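These notes are about the structure you will find just below.
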Amino acid sequence: MHMKRIQRDVLGLLLLVGLSACSDGGGDTSTPAPAPLPVISAEGFWAGTTNTNRTIAGLVLDDGAYWILYSAANVPSTVAGLIQGDSASQNGVITSSNTKDFNFETGEILDATITGNYSMKQSLNGTLVYLIGGPSTSFTTTYDSDYDLVPDTNAVAGTYSGPVTATENVTVQILSTGDLSGSSTTGCTFTGSFSPRTHGNVFNVTVIFEDDPACSNRNDTVNGVGTYDVATKTLYSAALNGDRTNGFIFIGTKP
């Protein structure tokens, strides 16, 4: 099964805001520790566009990891690449120094950085700068409140089918227990797990590929995320190996 396709956007990170306790000047008077302040975060689902007329849709996790899908220019129905990395944020500013762009149009894996700004559960905007080659790309997105729904393993359970490349289709079965298994039309088989995260309407995904030459991820384990659209019965999932050199993107539907 090959690396192919993706769709959702951008980065995130949790910012814990602290306060210093102050004394009123009396030597015998102590000030109690302040109550913990709420976490301010860029986590969530985000959707928008780039300055190059691409549609983007992405996921920012509570731990700062992000998974971004982008379309071909002026063709929002296609998936032209995946951007993934980890991020840090503070006072509405987000940065990422380990961005990887898996560009399906050129077949390249490009290193980049991202800087941007966010307003919690409202907007997330930024700029992607490639370390070698390629012009910078700016993006603007808005928050998708579907992130606030509770992930439902029973709703996700079922058999999905969909392409992972132009010539390879995959069938995946997910049980209500979270176990998954599947195979591709090239003969690649795999097993894994699909479990709800504690933050957001998102699932952790692990896939273990068989030691078979039919699998481009032969004898490898990939980890990533998945989301489920109830209205369209569509499963979106992306995962990478530990080196972030290979993985898969799967967009499948069930009856």
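The values are calculated or read from the model by the stated rules, or taken from the named source; none is laboratory data. Only a predicted model underlies this, so the values are computations on that prediction, with no experimental measurement involved. Cβ coordinates were reconstructed from backbone atoms using ideal geometry, including for glycine residues, and neighbour counts include every protein chain displayed. Calculation scope for accessible area: heavy atoms of the full protein, side chains included, ligands and nucleic acids excluded. Shrake-Rupley method; radii C 1.70, N 1.55, O 1.52, S 1.80 Å.
Over the range 148-255, calculate the relative contact order: mean separation of alpha carbon pairs under 8 Å at least 6 apart, over the residue count, as a percent. Here the relative contact order equals 22 percent. With R₀ set to 41 Å, the beta-carbon distance separating ILE40 from VAL75 gives a calculated FRET efficiency near 0.70.
For the range 68-191, the per residue solvent-accessible surface stands at 48 Å², with DNA, RNA and ligands left out and a 1.4 Å probe. Look at the alpha carbon pairs under 8 Å that are at least 6 residues apart: their mean separation over the length of the range 69-219 gives a relative contact order of 11 percent.
Would you work out if the range 61-191 is rounded, prolate or oblate? Take a ≥ b ≥ c from the square roots of the eigenvalues of the alpha-carbon gyration tensor; rounded if a/c is under 1.5, else prolate when a/b is larger than b/c, oblate otherwise. Cα axes put the range 61-191 in the oblate bin.
The overall shape of the range 124-167, judged from the alpha-carbon gyration tensor, is oblate: a/c is not under 1.5, and a/b is no greater than b/c. Given a 1.4 angstrom probe, I'd like the percentage of the accessible area of the range 161-255 that is carbon and sulfur, rounded to a whole number. Here carbon and sulfur together make up 49 percent of the probe-accessible area.
The label point for GLN122 and the one for ASN98, both projected 7 Å from the Cα toward the Cβ, are 3.1 nm apart.
In this simple spin-label model, placing a label point 7 Å from the Cα along the Cα-to-Cβ direction at both ASP86 and ASP146 gives a separation of 2.8 nm. Using a ≥ b ≥ c from the Cα gyration tensor of the range 135-255 (square roots of the eigenvalues), is it rounded, prolate or oblate, where a/c under 1.5 gives rounded and otherwise the larger of a/b and b/c decides, a/b for prolate? Taking the square roots of the gyration eigenvalues as a ≥ b ≥ c, the range 135-255 is oblate.
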